[in-house]
Amino acid sequence: MKDIDFPIFKTKSDTYKKFDLTDVKERQAYFEYKAGPEINKLKEYLKDNTFIVYLLGKKSSGKGTYAKMFKEIIDPTKIEHLSIGDMIRSFDEVLRDPAKKQELIEFLKQKYRGPTPLEDIIKAMEERSTKILLPSELILALTEREITKMGKKAIFLDGFPRDLDQVSYSLFFKNLIDYRKDPDIFVMIDVPTNIIDQRVKTRVICPLCNTSRSLKLLPTKNIEYDKADGKFHLVCDNAACTGARMVTKEGDEAGIEPIRARLDKDEMLMGNVYKMHGIQKVFLRNSIPVGQVKEFTDDYEITPEYSYTWNEKDGKVDVAEKPWEVEDDNGQKCNSLMPPPVVVSLIKQLVKELGL
C-alpha cells in the first residue's frame, strides 16, 4: 500500500535448510525450525488465555489462508477462524429450516438494535436481495451468536470491520460481546494489486468438487496438453474427487476489474485503522522487492511461477519453474512470498504484541 509502511520481516535462516512448503509434514518441520520457541510460547499462553485478531486486507489477500495455517501450526483445538462472509452465507440454510429460522429470529429479537426493521432484514436475506444492506448492528449480533458457540478460544475475525463505520465498532467489539478481557490485535495484510489480479485470472476450479488451483501459481500433479486447442490443462488431484479437467471460473478472465471498488474500500479501511492510536497492530506483507529477497528470505520461500512445454518425444508435459516476479503498487519489481513465511512473521509479531 502506498500510504502505509509495511516493514520487511526477515525469515532467512543463518544456516540454510530447505523445506517443501507444499507438504504438510515438511511445513510443520519448517515452522519448528523457523519459529519453534515462539510457537511453544503461544501454545503455553493458549492453555489459559485467548485473544481476538481482526484480519484486515484486500479481498483475496490471503486472510483465511494465513489464519487457517496459524491454527494448523499452533493448536487447532484452541483457535477458530470466523469468516463474516461465510457466516452470512451460512444463514441461507438456516432460513430454509422453519425451526432454525424461528430460533434465529428469537435470538435477534433479544440482541438486534438497529435502523432497519428485523422483518425487512429477514426477508432480504431470504430473497438474497442486495437492495437492503445488512446493518452493522446485525453483523455484530450474528457474530456474537457464532462466537458464543465457540467457547473459550482465540479468534481470528476475517471480514470485520468491513465498512468505515465498523472501524469504530471494532475498537469496542470485545466489550459489546462481553468477550472476557482478551487482548485485541489488528493484523494488516499488504498484497500488491497485481498479485491479486494474477491470482484471479489464472485460477481454475474443478467442476466436480470445486477445488481451486492455478495453472500459473499452484498446479496439480496431473497436467494435460490438448493438441486441439494448443493449451495446457490441470486435472484435479483431490483424493476425494474422480479427477476432472479443471476450468476457468466464469468472470475470472476480467481479473480484479469487477471487484476494484471493493479493493479500494478495503485499502481505505486499512488506512483508517493505521491512523488509530491506542490499538495493537501487526503488519504482514506478501511481497519483497527483488533486490532485497536474498537478504531477507530463503529461496524456497518465494512463490514459484510455472510454465509448460509439450515433450513430443516422450509424450508428456515438461514443467519449469522460476521465482514469480510482479510489480507492486508503486511500480517496483517484487517477488511474492509463499504463505508459510508470512505466517512465521505473524507468529513472531503476535508473541511480541502479547508480551510473551
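Per-structure values
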| read-out | value |
| --- | --- |
| Options [x] 1.40; [y] 1.07; [z] 1.28 - which one matches Cα Rg over 2.2 N^0.38 Å as calculated here | [y] |
| Value of Rg/Rh across region 1-120 [Cα atoms, Kirkwood radius] | 1.10 |
| Accessible area of the chain belonging to carbon and sulfur atoms, whole % at 1.4 Å probe | 49 |
| Solvent exposure, largest accessible area first (probe 1.4 Å, DNA, RNA and ligands not counted), of Met338, Met87 | Met338, Met87 |
| Square roots of five times the Cα gyration tensor eigenvalues for region 1-72, Å | 23, 20, 14 |
| Gain in span if fully extended, Lys17 to Met276, counting 0.36 nm per residue against the direct Cα distance | 89.2 nm |
| Accessible-area ranking of Cys241, Cys209, Cys334, largest first, probe 1.4 Å | Cys209, Cys241, Cys334 |
| Relative counts (whole %) of C-alpha pair distances in region 215-310, using bins that are 5 Å wide | 2, 9, 11, 12, 13, 16, 16, 10, 6, 3, 1, 0, 0 |
| Å² per residue, accessible surface of the chain at 1.4 Å | 52 |
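The values are calculated or read from the model by the stated rules, or taken from the named source; none is laboratory data. Because the structure is a prediction, the values reported are computed rather than measured. Areas reflect the complete protein model, heavy atoms only, side chains present, ligands, DNA and RNA absent. Shrake-Rupley method; radii C 1.70, N 1.55, O 1.52, S 1.80 Å.
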